[in-house]
Amino acid sequence: MNAEYPTTTDAGISGQVDETRPDLSNSNVREDLALTGRCALVHLPSGRTCLLPLRHPGPCDFHGPGEAADVVSASH
Ligand SMILES: [Zn+2]
């Protein structure tokens, strides 16, 4: 297989950022929400937070700070 290996020396550079998981590249988690068992990832450009369960399938579903506060207060 090595004989037909393409000369992609830049593969390690361009392939480093996992663009399919932007939530991981700038992983900002609200700890108060994370403690309630939520995904709690913060969408930095909007400041909204994912309220789905931890390790939920599919993309994050971001909600505003009001809804996030409801989840936190409901867990106490
Ligand atoms: Zn999420």
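Throughout, read-outs are computed from the coordinates displayed, never taken from laboratory work. Just so we're clear, the structure is a prediction, and the values are computed from it rather than from any experiment. Reconstructed Cβ throughout: ideal geometry from the backbone, glycine too, with neighbour counts over all protein chains shown.
With θ taken as phi - 60° and the coefficients 6.51, -1.76 and 1.60, list the Karplus ³J(HN,Hα) couplings across the range 39-52 in order, rounded to whole Hz; mark glycine and proline as x.
4, 6, 6, 9, 7, 4, x, 10, x, 8, 10, 7, 9, 6
Please give me the summed charge of the neighbours of ALA68: other residues whose Cβ is under 10 Å from its Cβ, Lys and Arg +1, Asp and Glu -1.
Values: positive: ARG30, ARG38, ARG48; negative: ASP32, GLU67, ASP70.
The answer is 0.
Testing the spin-label approximation: label points 7 Å from Cα along Cα→Cβ at HIS63 and SER75. State their distance in nm.
Using points 7 Å along Cα→Cβ, the separation is 1.2 nm.
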